[in-house]
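The values are calculated or read from the model by the stated rules, or taken from the named source; none is laboratory data. Every value quoted in this text rests on a predicted model; they were computed, and no experiment measured them. Heads up, the Cβs are rebuilt from the backbone with ideal geometry, glycines too, and the neighbour counts pull from every protein chain shown.
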Amino acid sequence: MAHVGGAEAAGSGSAAGRDERTRRGFAVAGFAPAQDGRARERGKELRTRVPRERHAEFAPAPDRPTAVTALEASNAGRIARLVPIRVGRMAAGPFAFLRGSAGLMAADLAGTPVTGVGAQLCGDAHAANFGLYGDARGQIVLDINDFDETVPGPWEWDLKRLAASLVLAAREAGASETTAREAAQHVAGSYRRTVRTLAKLPGLDAWNAIADEQLVSFAEAHDLAEVLRKVGAKALGNTSARFAARSTTRTADGGWRFTAAPPVLTEVTDATARAVAHALGPYVETVPAEVRTLLSRYRVQDVAFRVVGTGSVGTRSYVVLLTDHRDQPLVLQVKEARPSALLPYLPAGPRPAADGHEGRRVVLGQKHMQVVSDTLLGWTTVDGLPYQVRQFRNRKGSVDPAALLPGQLDDYARITGALLARAHSHTADPGLLAGYCGKSEALDEAVAAFAVAYADRTEADHADLLTAVRNGRLPVEHGV
C-alpha cells in the first residue's frame, strides 16, 4: 500500500473505505465541487432572500460619478494622444457610450440585488461582444469574443449589461420601445431556459454545448440564420494573410514591413519593436507545448502600433508580423492588459490578478468561458507592463445589433442569452442557476425593466458627454 506523507491513507483498501469514496467522490486539487442533487433546491431557496422581481431595481447612488468624471478617471494611464479618438468613438451614440463605460456600469450594478452565486464574468457582455471566430481547424464558432474585463463576480451583472445593451441597440436601429423591451426580456428568457437545459445534461455534454450551427435551432433564431450565414462567409476571409496582403510591403532586403496608415496603424521606434519582439520569448512559454513547436517555425518581420476597440482605445496595442519558411504571414496582437474596471465594485472587494499578471487573468478568464479558444492565446510583459497575446484577424466576424431589423432583434437576443448562460455554466453550477431562475417569466420581466431604466440612464450619460465635448472639456476626434 502506498503511503502519502509517511502515513497510510485512511480507509484505503477496505470495503468501508471504498464505499466512503463512492459516496463522497474523489477530491481532486483544482477542481470545483461536483454538482449535487440539491443544487436546484438550493437555487429555489435563494428566491426567498432575493426575490427575482427585485432584479428590476435600479436607482443611481447619490454619490454616483458623472459620466464625464468617470470617463476622465478611466483615461488615466492611457496614451494621451489617443484619448480624443476614444471620446469620439464613445460620442457616436448611447450604445457606443455603454461599450466604453464598463466601469461606470459596474459602479451602478454594485447597488443592485445579487444572489451571491458567482461565475467567471465576461465583464463587458454587451451585445457587440459576441461574434464569430475560427477554431484551430478554421471552422467558424459563435461565442463571446472580448474578455478585457473578465473577472469572477455576480452572474447577474453580465446578464443585465447584455440586456441593457440590447435595448440601446434596438433604439438605435429605430425599433419600437415595445420591441426594445422584448429584446431584453428574450435575453433573460433564453438565459433561464439554457441553464435549465444544461442542468439536465451530463457534465461533459453541458460543458461543450451550444457552440455550433445548432445554436440557431436551439434559440429559435431562424430569422437570423441568413445574417449569420453572410457574416460567417465574410469571416472566413478575415485572416492574418488578408490583413498582411493589404497592410505590408516588401523591403529591399526581401523582408516585410507594415505600411503605416495613421492614426490607426503607425510605426514604432526600433527600441519598442525590439522590446515587443523580445517579449514573444516569454509568451511562447505560456502556450501549450505543441503550439510552441508551431511558433518556432516563424520569425518576426516587423512590429507596428494599432488602435483598437472603443473602451480599449488609448491602451498600448501592437501587431507583430511573422512569416514561416514559405514566407507566409501570421499576425499576432500584443495588447496591454489593464486591471478590470469591475474590480473596485465587486461585492467581495478588490481582487488581485491571477498570479499578479493581468494578461494571464484575461487569457484564463477567456478559456474559462469559451468552448473553443484561440490556440495561440498567451501572455507576456513588455517594458514592465502586462499584455495578452492572440491571433489577429482569426477569421473574426460580428453582427452589428444596431443594424438588425426589428424582427431579428429577438433572435439575436435569444442567441446571446444562450451563449452567456453556457459560458457562466463553466464556473457556476447550472443546477443552482436553474433553480433560482425557475420556469416562470418573473426574472425575464425584472431584467427587462432594469434594462429599460438603465438604457434611459445611459442616454442621459451620453448627452452629458456631448455637452462636455461642445464645452471643450473633453478633446474629441471623430470618424477614426
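Annotations
- Of the set (1) in a helix (DSSP H, G or I); (2) among the charged types (D, E, K, R); (3) closer than 23 Å to Arg64 by Cα, all apply to Arg473 but (1).
- Scanning segment 104-156 for residues that are of a type outside the set (S, T, N, Q), surrounded by fewer than 23 Cβ atoms within 10 Å (Cβ to Cβ), part of a loop (DSSP other than H, G, I, E, B) and under 10 Å from the mean Cα position of the chain (by Cα) gives a single hit, Asp146.
- Filtering Ala252, Ala275, Ala271 for residues that are without any contact (Cβ under 8 Å) to a residue 24 or more places away in the chain, assigned by TED's automatic domain parsing to the domain that holds Gln328 and assigned to a helix (DSSP H, G or I) leaves a single hit, Ala271.
- Glu182 being exposed (fewer than 14 other Cβ atoms within 10 Å of the Cβ) and outside any loop (DSSP other than H, G, I, E, B): no
- Of the candidates Val195, Val216, Val227, the single residue that is crowded, with 23+ Cβ neighbours inside 10 Å, assigned by TED's automatic domain parsing to the domain that holds Tyr412 and either β-branched (Val, Ile, Thr) or not in a strand (DSSP E or B) (or both) is Val195.
- Exclusive hit being under 13 Å from Ala421 (Cα atoms) and of a type in the set (Val, Ile, Thr), set Val167, Val141, Val187: Val187
- Pairing residues of segment 317-328 that are modelled with pLDDT of 95 or more and surrounded by 12 or more Cβ atoms within 10 Å (Cβ to Cβ) with residues that are part of a loop (DSSP other than H, G, I, E, B) and not aromatic (Phe, Trp, Tyr), at Cβ distances under 9 Å and at least 6 apart in sequence or on separate chains, gives Ser317/Val307; Ser317/Val308; Ser317/Gly309; Tyr318/Val268; Thr323/Gly255; Asp324/Arg297.
- Exactly one residue out of Ala463, Ala428, Ala446 is surrounded by 17 or more Cβ atoms within 10 Å (Cβ to Cβ), under 27 Å from Ala180 (Cβ atoms) and at pLDDT 95 or above, and it is Ala446.
- The listed residues are Glu177, Glu172, and the only one of them that is modelled with pLDDT of 95 or more, in contact with a Pro (Cβ under 8 Å, 6 or more places away or on another chain) and among the charged types (D, E, K, R) turns out to be Glu172.
- For Thr239, the conditions (1) surrounded by fewer than 16 Cβ atoms within 10 Å (Cβ to Cβ); (2) touching a residue at least 24 places away in the same chain (Cβ under 8 Å) all hold with the exception of (1).
- Some residue of segment 382-397 being without any contact (Cβ under 8 Å) to a residue 24 or more places away in the chain and of a type outside the set (S, T, N, Q): yes
- Only listed residue being within 24 Å of the chain's Cα centre (by Cα), part of a loop (DSSP other than H, G, I, E, B), farther than 30 Å from Pro94 by Cα and touching a residue at least 60 places away in the same chain (Cβ under 8 Å), chosen from Val291, Val287: Val287
- Some residue of segment 312-329 being among the basic types (Lys, Arg) and under 16 Å from Leu295 (Cβ atoms): yes
- Conditions (1) among the β-branched types (Val, Ile, Thr); (2) more than 30 Å from Ala423 (Cβ to Cβ); (3) at pLDDT below 95: number failed by Ile210: (2)
- Residues in segment 179-219 that are without any contact (Cβ under 8 Å) to a residue 40 or more places away in the chain and not basic (Lys, Arg): Thr197, Leu201, Pro202, Leu204, Asp205, Glu213, Gln214, Ser217.
- The sole residue among Ser340, Ser440, Ser373 that is buried (at least 23 other Cβ atoms within 10 Å of the Cβ), part of a loop (DSSP other than H, G, I, E, B) and at negative phi is Ser340.
- Exclusive hit being in contact (Cβ under 8 Å) with a residue 12 or more places away in the chain and buried (at least 23 other Cβ atoms within 10 Å of the Cβ), set Arg306, Arg361, Arg297: Arg361
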